[in-house]
1. Let me have the 222 nm mean residue ellipticity of the chain computed from DSSP H runs of 4+ only, each contributing -39500 (n - 2.57), with the sum over all residues rounded to the nearest 500.
2. If ligands, DNA and RNA are left out, what is the accessible area of MET84 with a 1.4 Å probe, given in Å² to the nearest 10?
3. Under 16 Å Cα to Cα from LYS146, which aspartates and glutamates show up? Leave out anything in the same chain fewer than 8 places away.
4. To the nearest 0.05, what FRET efficiency results for LYS44 and SER174 with a Förster distance of 45 Å applied to their C-beta separation?
5. Hand me the trypsin sites (Lys or Arg not before Pro) from the stretch 4-101 located in a DSSP loop with no more than 15 other Cβ atoms within 10 Å, in residue order please.
6. Return one whole number: the accessible area per residue of the stretch 1-82 in Å², for a 1.4 Å probe.
7. At a 1.4 Å probe, what is the % contribution of carbon and sulfur to the accessible area of the stretch 152-191?
8. May I ask you to list the lysines whose Cα is less than 21 Å away from that of LYS45, ignoring any residue fewer than eight positions away on the same chain?
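The values are calculated or read from the model by the stated rules, or taken from the named source; none is laboratory data. Note that this is a predicted model, so its numbers are computed, not measured. We place every Cβ from the backbone using ideal geometry, glycine too, and count neighbours over all the protein chains shown. Just the protein is used for accessible areas: all its heavy atoms, side chains included, with ligands, DNA and RNA removed. Shrake-Rupley method; radii C 1.70, N 1.55, O 1.52, S 1.80 Å.
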Amino acid sequence: IETKDLLDPACGSGGFLVRASRRLMSRYLMKFRKTDKIELRDAKKWKEIVSRLSPDEAKIILEFLQEHIYGLDINPFACHIAEMNLLFQIIDLYQKVREKHPDYKLKRFKVYRTDSLEKPTQKQIIDYTHSAFLEEQDEIDSIKEKKFDFIVGNPPYVRVQHLAEIDKEKYAESYKTAEKNYDIYVLFFER
């Protein structure tokens, strides 16, 4: 899985992203011959197993995680929680990297606040006088246009009756399945 890209388009607090990250880390730990599948099952040994990595091996794992794991969610608080949960997963790797590279700066995880059902060409209303917002919107649009090897998650279950009129219209224009009496999880499957 180390060369594959994974997206959770409704990541919430990051449960599926954390599990995917753990799998990717485990794959690399076995690839670098630091452990085996049986030892990996014992969560109490995780810190010991990671300590067997060289700082450069830990850096490779960190960079692959940040390059291949993506999360989107409409709730900004959920995005922050997802990022924190991912940070909890990699803290031992980060400390290992800092042993050799004390100035190493951890890049941000690719977890962004957006409506995953909104197509990339439909720009969200953002104050574009701030270049950071513009750059983030460009990154979100590129994620929405990207083809992924794995899509994981549990899309939200929201009945059409609970949507704002503007959302109903927006989804009806963009999705074939957005008609009559539907739930938005169906739109996620179509997307």
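1. It lands at -16000 deg cm²/dmol.
2. About 90 Å², rounded to the nearest 10.
3. Partners within reach: ASP5, ASP8, GLU67, ASP115, GLU118, GLU136, ASP138, GLU190.
4. E(calc), rounded to 0.05, equals 0.40.
5. LYS4, ARG33, ARG41, ARG52
6. 52 Å²
7. 53 percent
8. Counting by Cα, and skipping residues close in sequence, LYS45 has these lysines nearby: LYS31, LYS34, LYS37, LYS59, LYS96.
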